[in-house]
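Student: Mind looking over this structure? Questions follow.
No lab work stands behind these numbers, since they all come straight from the coordinates. Note that the coordinates shown come from a computational prediction; the quantities given were computed from them, not determined experimentally. Cβ atoms come from the backbone with ideal geometry, glycine included; neighbour counts cover every protein chain shown.
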Amino acid sequence: MVLLGFVAILGLYHQYLYNTDAEDAYIAYRYVQNFVEGNGLTFNPGEKVEGYSDFLWVVLIALVNKISGLDIPSIGRGLSIIFGVVSLVVSYMIGRKINGDDRTSGLITALLVAA
């Protein structure tokens, strides 16, 4: 369990060092911005073109923005960190469960996911 925590901390540190968004993220953020402002799921108000590939992500960020009022890129980064750590923990638990509650298998699974 300590090694899993160490892997999670390394992932958080990596996110801190390379705290950037991919180009595609800004496309989703633009859709979120227009959606939150009441213009619908559109890149430019008035146009009916769907240019995002991550509907659930766009809606989730919009929901958190409406509830919290935080800026959209910070929400995207924060949710990415949370879901990344959750993915490691779930991978660890699945790896243990598949191999008869073997901790080593869980750690190997989490490390492979982290890599």
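Student: Looking at segment 97-106, which of its residues are under 13 Å from L3 (Cβ atoms) and either in contact (Cβ under 8 Å) with a residue 40 or more places away in the chain or among the charged types (D, E, K, R) (or both)?
Tutor: Of everything in segment 97-106, those that are under 13 Å from L3 (Cβ atoms) and either in contact (Cβ under 8 Å) with a residue 40 or more places away in the chain or among the charged types (D, E, K, R) (or both) turn out to be R103, G106.
Student: For a quick check of your reading of the model, give me the residue pairs whose first member lies in segment 8-27 and is touching a residue at least 40 places away in the same chain (Cβ under 8 Å) and more than 11 Å from A114 (Cβ to Cβ), whose second is β-branched (V, I, T) and surrounded by 12 or more Cβ atoms within 10 Å (Cβ to Cβ), with beta-carbon atoms closer than 7 Å and at least 6 apart or on different chains.
Tutor: Taking only residues 6 or more apart or on different chains, the pairs are L12/I81; Q15/I81.
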